[in-house]
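For reference, the structure discussed in these notes is given below.
The values are calculated or read from the model by the stated rules, or taken from the named source; none is laboratory data. Computed from a prediction, not measured in an experiment: that's the story for all the values here. Backbone-built Cβ (ideal geometry, glycine too); neighbour counts: all protein chains shown. Remember, those area values only see protein heavy atoms, side chains included, never the ligands or the DNA or RNA. Shrake-Rupley method; radii C 1.70, N 1.55, O 1.52, S 1.80 Å.
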Amino acid sequence: MSAESTPEPAIPEAGPKVPGRRGKGRRRKAPGTGRRALRVTAWTAAGILVLGGTGLGYVYFKLNGNLKTVDINQALGSDRPTKVDNGSENILVLGSDTRSGANKKLGGGADDGSARSDTAMIVHVYEGHKRASVVSVPRDTLIDRPSCTDAHGVTHDAATDVMFNSAYSTGGASCAVKTVESVTGIRMDHYLEVDFSGFQKLIDELGGVTVTTTKNIDDPQSHLDLKAGKHTLDGEQALGLVRTRHGVGDGSDLGRIQLQQAFVKALINQVEQVGVFTSPKKLYNLGDTATKTVTTDSDLGSVNSLIDFANGLKSIGSKNMHMVTMPVEYDPANPNRVIVAKAKAKQVWTALKNDRPIPASATKGTATGQAKGVVTAS
């Protein structure tokens with residue numbers, strides 16, 4: 001979990017038993033957010049409700065105690081975009097790329113004790129909660145970071161032309177949220193963060209995720225070696241896929257985002273097909289892993305809150321989820337960085353503010369990776 005995250009001060013008393021019902025019920029990260037993790041957490045929360053209905057009160061207390069939260073509202077105060085009260089929701093999903101602790105052996109990056117938002121997705125759930133748009137934010141995007149206060153009360157000065165993922169490493173979750181709100185002008189209603197080692201365990205608990213690769217993918221840094229064809233990825237392979245940038249395409253972060261988006265859809269399809277509700281033990285193991293994996297904003301920091309959140313997402317499948325990358329252009333001064341294509345990005349943010357679909361013109365002609373179609377849901 002993030003160093004900024006703090007456990008709930010107390011476990012609330014269990015409410016009355018609720019009859020079991022079908023539904024989806026995660027995070028973290030899930031983003032990684034980011035992570036992919038949103039659907040799993042929501043689905044797992046509904047599973048917790050089923051177990052609670054069987055009278056296993058211990059499960060509620062145990063899983064509720066696993067959750068860790070960040071009080072975003074307190075950290076950011078009132079200097080934020082106005083909340084749009086039209087039934088829609090905006091969720092920032094992050095995946096942290098810390099290489100310390102349990103994550104160190106998972107490969108990639110340097111173990112320097114720091115953590116950055118390896119994956120960032122803005123999830124907009126439309127009014128009615130039948131559809132969603134997901135906007136991936138390239139971590140290499142140069143942005144102006146606003147001043148922000150971290151979870152320890154330390155204020156960090158504003159900075160110009162810094163990489164987007166430095167916001168998280170500088171001031172944690174609250175700084176990442178404030179930066180996203182500054183860039184988009186959209187208020188984030190919720191925050192979900194995914195831990196890498198937990199993400200791997202989640203995939204293993206699900207029994208793997210099936211994908212088809214149209215090209216060979218070989219990236220020793222991410223411990224990934226896949227031949228073209230159909231694969232059921234275990235947790236380590238899945239983590240390698242969503243993190244690889246050197247094993248396929250042009251080695252860019254934009255290419256990695258294309259792989260991540262394809263994997264998210266495959267993951268959602270897998271979740272819908274796995275019949276864990278017939279196995280209380282499997283359901284508990286998944287719930288235990290999921291609640292240890294994700295960090296949420298304080299409004300989602302209880303099992304009951306996650307259940308309510310799950311009920312609002314269970315109708316959203318991969319077919320009614322539109323995924324794009326924030327419109328960017330390559331930086332003329334540094335081809336390894338990108339800058340926001342402001343006019344086109346404005347089309348995206350305006351559409352989401354008004355709860356409308358993102359127009360195709362918003363992403364036409366912008367910078368893109370070379371990994372589209374390399375991974376598909378099987």
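Could you say which residue among D195, D189 is acidic (D, E), surrounded by 24 or more Cβ atoms within 10 Å (Cβ to Cβ), closer than 24 Å to Q260 by Cα and out of contact with any Phe, Trp or Tyr (no Cβ under 8 Å at 6 or more places or on another chain)?
Values: D189 fails: surrounded by 24 or more Cβ atoms within 10 Å (Cβ to Cβ).
Testing whether each residue is acidic (D, E), surrounded by 24 or more Cβ atoms within 10 Å (Cβ to Cβ), closer than 24 Å to Q260 by Cα and out of contact with any Phe, Trp or Tyr (no Cβ under 8 Å at 6 or more places or on another chain) leaves just D195.
With the requirement that a residue be under 24 Å from the mean Cα position of the chain (by Cα) and closer than 17 Å to K372 by Cα, what does region 204-218 give you? Talk me through it step by step, then tell me what you get.
Going through region 204-218, the residues under 24 Å from the mean Cα position of the chain (by Cα) turn out to be 204-213, 217.
Within region 204-218, V211, T212, T213, I217 qualify.
Looking only at region 124-142, which residues are open to solvent by less than 10 Å² (accessible area, probe 1.4 Å) and part of a strand (DSSP E or B)?
H124, V125, A132, S133, V134, V135, S136, T141
Any residue that is open to solvent by less than 30 Å² (accessible area, probe 1.4 Å), in contact with an Asp or Glu (Cβ under 7 Å, 6 or more places away or on another chain) and over 26 Å from P357 (Cα atoms) - is there at least one of those in region 205-215?
Yes, the conditions are met somewhere in region 205-215.
Consider region 351-376. How many of its residues are touching a Gly at 6+ places or on another chain (Cβ under 9 Å) and open to solvent by 60 Å² or more (accessible area, probe 1.4 Å)? Write out each step before concluding.
First, the residues of region 351-376 that are touching a Gly at 6+ places or on another chain (Cβ under 9 Å): 353, 355, 368-372, 374.
Narrowing the set further to residues that are open to solvent by 60 Å² or more (accessible area, probe 1.4 Å) leaves 353, 368, 370, 372.
So the count comes out to 4.
Of everything in region 143-155 that's in a strand (DSSP E or B) and modelled with pLDDT of 95 or more, which residue is surrounded by the most Cβ atoms within 10 Å (Cβ to Cβ)? Break it down stepwise before answering.
Residues of region 143-155 in a strand (DSSP E or B): 143-145, 148-149, 155.
If we keep only those that are modelled with pLDDT of 95 or more too, we end up with 143-145.
On the way: I143: 21, D144: 13, R145: 24.
Among residues in region 143-155 that are in a strand (DSSP E or B) and modelled with pLDDT of 95 or more, the one surrounded by the most Cβ atoms within 10 Å (Cβ to Cβ) is R145.
Tell me, please, whether a residue that is open to solvent by 70 Å² or more (accessible area, probe 1.4 Å), among the charged types (D, E, K, R) and more than 21 Å from the chain's Cα centre (by Cα) can be found in region 315-331. Show your work before the answer.
From region 315-331, those open to solvent by 70 Å² or more (accessible area, probe 1.4 Å) are 319, 322, 329-330; that's our starting set.
Right, trim to among the charged types (D, E, K, R) and you get 319, 329.
Then drop every residue that is not more than 21 Å from the chain's Cα centre (by Cα), which leaves 329.
So far as region 315-331 goes, yes, one or more of its residues are open to solvent by 70 Å² or more (accessible area, probe 1.4 Å), among the charged types (D, E, K, R) and more than 21 Å from the chain's Cα centre (by Cα).
Under 7 Å between Cβ atoms, which residue pairs at least 6 apart in sequence (or on different chains) link something in region 139-163 that is more than 20 Å from V338 (Cα to Cα) with a partner that is in a loop (DSSP other than H, G, I, E, B) and not acidic (D, E)?
Once the first residue is more than 20 Å from V338 (Cα to Cα) and sits in region 139-163, its partners that are in a loop (DSSP other than H, G, I, E, B) and not acidic (D, E) give S147/A158; T155/S147; H156/S147; D157/S147.
So which of V180, V154 ends up being in contact with a Leu (Cβ under 6 Å, 6 or more places away or on another chain) and β-branched (V, I, T)? Break it down stepwise before answering.
Details: V154 fails: in contact with a Leu (Cβ under 6 Å, 6 or more places away or on another chain).
Selected residue: V180, the only one of V180, V154 that is in contact with a Leu (Cβ under 6 Å, 6 or more places away or on another chain) and β-branched (V, I, T).
Residue by residue through region 225-244, note down the ones that are in contact with a Lys or Arg (Cβ under 8 Å, 6 or more places away or on another chain) and under 24 Å from V294 (Cα atoms).
Restricting attention to region 225-244, the residues satisfying the condition of being in contact with a Lys or Arg (Cβ under 8 Å, 6 or more places away or on another chain) are 228, 235, 242-244.
Of everything in region 225-244, those that are in contact with a Lys or Arg (Cβ under 8 Å, 6 or more places away or on another chain) and under 24 Å from V294 (Cα atoms) turn out to be G235, V242, R243, T244.
Any residue in region 253-268 that is over 30 Å from A351 (Cβ atoms) and over 15 Å from the mean Cα position of the chain (by Cα)?
Within region 253-268, the first condition is being over 30 Å from A351 (Cβ atoms), and the residues that meet it are none.
No, region 253-268 has no match at all.
Okay, residues lined up against (1) farther than 18 Å from G95 by Cβ; (2) assigned to a loop (DSSP other than H, G, I, E, B); (3) not polar (S, T, N, Q):
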site: E193; (1), (2), (3): no, no, yes
site: Q200; (1), (2), (3): no, no, no
site: T212; (1), (2), (3): yes, no, no
site: K215; (1), (2), (3): yes, yes, yes
site: E236; (1), (2), (3): no, no, yes
site: G249; (1), (2), (3): yes, yes, yes
site: L259; (1), (2), (3): no, no, yes
